[in-house]
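Asks: Just passing along the structure, written as structure tokens.
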Amino acid sequence: MGAAVKFLKPIKPLTNACLNNAGSIGDPGVGPVTKKEKAFDYRDFFYVNGTPIMATAYGLDILAPTRWDSTPDLVISGPNQGQNVGSIVISSGTVSNVQFAASRGITAIAFSADENTEGEVDESGNHTDNPLSRIVADHAVTLLSELLTKADKGPILPAGLVLNVNFPQEVTSSSAWSFSRIGSYNEFEAVFTEDLSKDPVARNYGLKVGAYPGVSVAFNTEKPAADQLEDESVVYKNTIAVSAMQVAYDHSPSGQQWLRLQLHDLFSK
């Protein structure tokens with residue numbers, strides 16, 4: 001759902017169970033997880049039957065003031081199953097969450113791992129444990145610990161800066177960390193197709209979509225140029241890629257000055 005928000009639409013009681021049975025049919029559309037397990041305590045977990053940003057807004061506007069009487073120090077989005085690299089990040093709910101939090105002045109980090117980190121779904125609709133998930137979680141804690149150590153008593157990240165972190169498919173406990181940037185190289189991009197039934201990606205995944213138009217994915221067959229080797233679409237293949245993002249769409253001071261000069265005559269009228 002990316003950055004979508006359903007404005008002024010009531011979140012009604014559940015007509016279907018939440019993913020992983022976090023909430024059952026008939027439960028409120030927003031609230032504490034009702035699932036109960038002997039091995040795990042869900043009393044501090046909540047769900048929202050809405051978009052990713054709606055869930056983040058619920059945490060910031062309802063839960064945080066109740067629990068801490070203040071905004072949180074940090075928002076972590078993810079880890080998502082499936083990397084968010086390149087220009088596709090503008091369609092990512094995982095990344096949109098940190099943009100939303102950072103726009104309110106809150107430190108935020110997005111984590112995305114490969115689809116192979118998701119557990120299998122059993123007959124009861126629950127996700128089983130996946131050992132790769134713990135490896136990803138341990139790496140996330142390592143990064144946060146490093147940032148906290150360097151921050152000392154100051155801010156975790158500079159104002160207006162958020163992180164996008166992507167783990168490689170073959171992630172291990174010894175996976176290395178690498179600086180990266182979103183850059184201009186894209187491993188894949190969204191494309192509109194007139195007939196999804198003929199789409200190679202849909203066929204590869206065995207999707208029975210019918211002869212309807214829709215959006216699919218096109219993979220890049222070109223190799224990155226020399227100046228694109230630090231782009232996260234390249235870096236995440238073998239290492240843990242860490243990219244700095246700005247908040248929202250504000251351009252650099254040099255870009256702003258360019259605009260002032262180009263339209264000086266128009267602005268001075």
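Asks: Considering Asp250, Asp265, Asp195, Asp227, which residue is charged (D, E, K, R) and within 22 Å of Ala110 (Cα to Cα)?
Replies: Selected residue: Asp250, the only one of Asp250, Asp265, Asp195, Asp227 that is charged (D, E, K, R) and within 22 Å of Ala110 (Cα to Cα).
Asks: Being modelled with pLDDT of 95 or more and hydrophobic (A, V, I, L, M, F, W, C) narrows it down to one of Ala176, Ala248, Ala218, Ala190, so name that one.
Replies: None of the other options fit; the residue is Ala176.
Asks: Counting only residues that are out of contact with any Ser or Thr (no Cβ under 7 Å at 6 or more places or on another chain), surrounded by fewer than 16 Cβ atoms within 10 Å (Cβ to Cβ) and not in a helix (DSSP H, G or I), how many does the range 236-269 have?
Replies: Of the residues in the range 236-269, 11 are out of contact with any Ser or Thr (no Cβ under 7 Å at 6 or more places or on another chain), surrounded by fewer than 16 Cβ atoms within 10 Å (Cβ to Cβ) and not in a helix (DSSP H, G or I).
Asks: In this structure, is Pro168 closer than 25 Å to Ser77 by Cβ, in a loop (DSSP other than H, G, I, E, B) and modelled with pLDDT under 95?
Replies: Here the answer is no, as Pro168 does not meet what is asked.
Asks: Also: Kindly evaluate Thr71 against the criterion of being among the polar types (S, T, N, Q), assigned by TED's automatic domain parsing to the domain that holds Val242 and over 16 Å from the mean Cα position of the chain (by Cα).
Replies: Answer is yes for this residue.
Asks: Which residue, of Val215, Val162, is within 23 Å of the chain's Cα centre (by Cα), exposed (fewer than 12 other Cβ atoms within 10 Å of the Cβ) and not charged (D, E, K, R)?
Replies: Only one candidate qualifies: Val215.
Asks: Ok, one more. Suppose the filter is touching a residue at least 12 places away in the same chain (Cβ under 8 Å), within 29 Å of Ile106 (Cα to Cα), of a type in the set (Ser, Thr, Tyr) and surrounded by 17 or more Cβ atoms within 10 Å (Cβ to Cβ); does Ser233 pass it?
Replies: Judged against the criteria, Ser233 is a match.
Asks: Take Thr193 and tell me if it is surrounded by 11 or more Cβ atoms within 10 Å (Cβ to Cβ), free of Cβ contacts under 8 Å to residues at least 60 places away in the same chain and assigned by TED's automatic domain parsing to the domain that holds Ala218.
Replies: So Thr193 fits the description; yes.
Asks: Does the range 28-45 include one or more residues that are outside the structural domain of Ser103 (by TED's automatic domain parsing), modelled with pLDDT of 95 or more and touching a strand residue (DSSP E or B) at 6+ places or on another chain (Cβ under 8 Å)?
Replies: Within the range 28-45, none of the residues are outside the structural domain of Ser103 (by TED's automatic domain parsing), modelled with pLDDT of 95 or more and touching a strand residue (DSSP E or B) at 6+ places or on another chain (Cβ under 8 Å).
Asks: Can you say whether Ala140 is of a type in the set (Gly, Ala, Ser), part of a helix (DSSP H, G or I) and in contact (Cβ under 8 Å) with a residue 24 or more places away in the chain, as far as the supplied structure shows?
Replies: yes
Asks: Restricting the first residue to the range 54-76 and requiring it to be within 17 Å of Val33 (Cα to Cα), which pairs with a second residue that is charged (D, E, K, R) and surrounded by fewer than 18 Cβ atoms within 10 Å (Cβ to Cβ) meet a Cβ separation below 9 Å and a spacing of at least six or different chains?
Replies: Met54/Lys6; Arg67/Asp44
The values are calculated or read from the model by the stated rules, or taken from the named source; none is laboratory data. These numbers come from a predicted model, not from an experiment. Note that each Cβ is placed from the backbone with ideal geometry, even for glycine, and that neighbours are counted across all protein chains shown.
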